[in-house]
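A short worksheet on the structure shown next.
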Amino acid sequence: MIQPEINHAAFFKEKPATATAPAIRIVMPMPTTDNKPKLLTQLSQAMRSRHYSRSTEATCINRNRKSLNYALNG
């Protein structure tokens, strides 16, 4: 199939070099102290909402706790 030639210069017009960039104000958010539950607590709540048994929940939480401990502490 033969495609027509496209003039790409018509699509990408360069701005003049004398143009200045607009002033950008960057505001850093203040650290929040929201009471978000810890990761393993979130995991526990998610497993309970999916009706996993307590032993399965405990096994999964312990496995994840050990994995996180190894990943963070080596």
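The values are calculated or read from the model by the stated rules, or taken from the named source; none is laboratory data. Nothing here was measured: the structure is a model prediction, and the numbers come from that model. All Cβ positions, glycine included, derive from the backbone under ideal geometry; neighbour counts span all protein chains shown.
Can we say THR33 is at pLDDT below 75 and hydroxyl-bearing (Ser, Thr, Tyr)?
So THR33 passes the test.
So, in region 20-52, exactly how many residues are exposed (fewer than 10 other Cβ atoms within 10 Å of the Cβ) and over 21 Å from the mean Cα position of the chain (by Cα)?
9
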